[in-house]
Amino acid sequence: MTTQMKEKRDSAPTAPTPIVQLEGVEQHFGPVHALGPVDLTIGRGEFVSIVGPSGCGKSTLLEIIGALQDPARGSVEVDGAPLTGPRRRTAIVFQESATLPWRTVVDNVAFALEVRGIGRKERRERARELVELVGLGGFENHYPAQLSGGMRQRVAMARAMSTDPDLILADEPFGALDEQTRMLMAEELLRVVERIGCGVLFITHSIQESVLLSDRVLVMGRRPGTFIDEVPIDLPRPRMHAALSEPSATAAQERIWAQIRAEAEVAMVATRSTP
Amino acid sequence: MSARRAGGPAWIPPLVLAAAIVAVWTVTAALADSAVYPGPGQALESLRADIGDTRFMGSVADTARVLLLSYAAAIGVGAITGMLLGLSAFWSRAALPVVYALNSVPKIVLYPIFLLFLGIGDLSRGSFAFVSGVLPMFLIMVEATAGVSRLHLKMSASLGMSRWSLLRRIVVPSVLPSLASGMRLCFGLTLIGLLLAEMFSGSSGLGYELLRNLSLARVENIIGQVILIGVLALVPTLALQQLELRIRNRYEVTA
């Protein structure tokens, strides 16, 4: 992990191609200017979080990088190449209900591999390993309805891992979970991501979560979302929840909260006056 | 759920209620002692006589045959066209209001048109029954397909799934619970359509037998037939209910 951290710090133009590079990306929905312009670089193996008020365009940005929508302007490069469609090695983790209720845990995890035409035996074998990795051993043949929200999210995480990703895009993956489960899942995600060493773009409402997980936290202002601050998080890895009480971590949380608060207050008034 | 099961097996309460209804019927019929209000004994007696009659059994077989064909066609056509239309946001928006309007017209006012074009016979009766069932089935499936979880669709898009793969792996499993409800609902509607058609233009069939007994003032036969139709409808309905329950348990999105 230390080498990755180092890589990130001297991400000069000469460094290896970043996994994500955005320049001047904007999105418009009809007359609504939803996002940008935004510049963003994510290094290989770097964990970047975006926090910001509701409706600021965080999810839009993630969907643009995931090729789920095309930007109105700007260039998007992933792994050094312009983005033309969904990439094989980009994995997206959605909210918990993205598990398929009619498939067992192991078949949910194997879903991405199945879509890519991997044979039944091979994909199930791989899926079983991943189920084990995310701590769901013994639940292979359960259906999502038989699992808790946190366990369902582990299933989604395992599915994301299944395609050997070099980039994971997570859109408030723990948003529907209770506070304790959230923290446990965050630690779990760190463990798994550190193990496969991929770049992560993580969108969250939780400032704590962003500080605990990230190498860098980007604060997005209200619509049209642009980045108003960038907060490096210099905590040693592997991190556990206790790291949040270190002075540098609390300082980072204060700094992020101060920015968000100002933005969110203005955004709240703005939404009230324009229904 | 457990509280509801506390009284023993689930089939006991409805059976108790049914027995109570029969008891009330018996007592009131005996008290009324009227020619147009036969008791269960008389009704069953005349039903037994009817069942012994080959002409009557021919009618039952006719109804069953036409029902089966029109029901199967209504389910198949309604489900497949509904799903295909539901996949296209544009065509859903275009067609739904029209079909809803059409569906809200009492179907029986369309029946003369069926007679005019298809003549009196199994074809017009079966077609009318088919239309009675296919419209609701179609509407249910359009709505179900349009309502497939956006999150699941996004996930599929992120995996670059082909249209066929999406249909097979996401859309079909997602709409199965609605398909099962639709099958249960449309069975009743198709049966009503068929019985109505038989009443108006039958030379055979259970609807025809009902009206024939009316003109002959054989009330106990009518009641007997009502019982028969009830039983004939009940068995498939219960089976379809079971099917629906199973499918819902497995396929329904429980977020």
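If R0 equals 60 Å, the separation of the Cβ atoms of B:T81 and B:I21 corresponds to a calculated FRET efficiency of about 0.90. Just give the residues from the stretch B:121-160 buried by at least 50 square angstrom of accessible area in the all-chains context relative to the isolated chain, probe 1.4 Å, and say none if nothing qualifies. Listed in order, they are B:L151, B:H152, B:K154, B:M155, B:S158, B:L159.
How would you classify the stretch A:112-261 from its alpha-carbon gyration tensor, with a ≥ b ≥ c the square roots of the eigenvalues: rounded for a/c under 1.5, else prolate if a/b is greater than b/c, otherwise oblate? Prolate shape, in that a/c is at least 1.5 and a/b is the bigger ratio. Out of all Cα-Cα pairs in the stretch B:140-255, roughly what percent, to the nearest whole number, are more than 17 Å apart? Across the stretch B:140-255, Cα pairs with separations above 17 Å total 66 percent. Loop-located chymotrypsin sites (Phe, Trp or Tyr not before Pro) in the stretch B:1-73 (DSSP state not H, G, I, E or B) with no more than 15 neighbouring Cβ atoms inside 10 Å: B:W11.
What separates the Cα centres of the stretch B:175-196 and the stretch A:150-208 is a distance of 44 Å.
Reducing the stretch B:42-72 and the stretch B:132-157 to their Cα centroids gives an inter-centroid distance of 37 Å. As I understand it, the dipole of the protein assembly as shown uses +1 on the Cβ of Lys and Arg and -1 on the Cβ of Asp and Glu, about the Cα centre. Which of A:L22, B:G193, B:L123 lies farthest toward its positive end? The one lying farthest along the dipole's positive direction is B:L123. Once you place label points 7 Å from the Cα toward the Cβ at A:A243 and A:Q180, how far apart are they in nm? Simple spin-label model gives 2.3 nm for this pair. The rule of thumb for compact globular proteins, 2.2 N^0.38 Å, goes into the C-alpha radius of gyration of the stretch B:55-251 1.19 times.
Normalised by 2.2 N^0.38 Å, where N is the number of residues, the alpha-carbon radius of gyration of the stretch A:95-164 equals 0.95.
Annotation: aspartates and glutamates with alpha-carbon distance below 14 angstrom to A:K121 (same-chain offsets under eight excluded): A:D107, A:E129. Helix screen, chain B: DSSP H segments with Cα axial length of 20 Å or more and mean Kyte-Doolittle hydropathy at least 1.0 are B:12-32, B:54-87, B:122-146, B:172-201. Dividing the radius of gyration of the alpha carbons in the protein assembly as shown by their Kirkwood radius gives 1.14 for Rg/Rh. Accessible area per residue for the protein assembly as shown, computed on protein heavy atoms with a 1.4 Å probe, is 49 Å². In terms of its C-alpha gyration tensor, the stretch A:14-57 has an oblate overall shape, because the principal axis ratio a/c (a ≥ b ≥ c, square roots of the eigenvalues) is not below 1.5 and a/b does not outweigh b/c.
When both bridge partners sit in the protein assembly as shown, DSSP labels roughly 50% of those beta bridges antiparallel. How big is the A/B interface in buried accessible area, both sides summed, 1.4 Å probe, to the nearest 100 Å²? The contact between B and A buries close to 1900 Å². For chain A, take the longest principal axis of its alpha carbons; what is the angle in degrees between that and the long axis of helix A:149-161, to the nearest 10 within 0 to 90? Helix A:149-161 sits roughly 90 degrees off the main axis of chain A. Angle of helix A:120-133 to the longest C-alpha principal axis of chain A, folded into 0 to 90 degrees and rounded to 10: 60°. Carbon-plus-sulfur accessible fraction, chain A (probe radius 1.4 Å, protein heavy atoms only): 52%. Net charge in the neighbourhood of B:P38 (other residues with Cβ under 11 Å of its Cβ; Lys, Arg +1, Asp, Glu -1) is -2.
Taking 4 °C and 1.567 mPa s as conditions, the stretch A:146-201 diffuses translationally at an estimated 112 µm²/s according to Stokes-Einstein applied to its Kirkwood radius (Cα pairs). Here the stretch B:55-251 has 73 percent of its accessible surface on carbon and sulfur atoms, given a 1.4 Å probe and all protein chains in place. Seen through its C-alpha gyration tensor, with square-root eigenvalues sorted a ≥ b ≥ c, chain A comes out rounded because a/c lies under 1.5. Computed about its Cα centre, the charge dipole of the protein assembly as shown is approximately 820 debye, with only Lys, Arg, Asp and Glu carrying charge at their Cβ.
The values are calculated or read from the model by the stated rules, or taken from the named source; none is laboratory data. Note that the structure is predicted; figures quoted are calculated from it, not measured. Cβ coordinates were reconstructed from backbone atoms using ideal geometry, including for glycine residues, and neighbour counts include every protein chain displayed. To get the accessible areas, we keep the full protein, side chains included, count just its heavy atoms, and leave off ligands, DNA and RNA. Shrake-Rupley method; radii C 1.70, N 1.55, O 1.52, S 1.80 Å.
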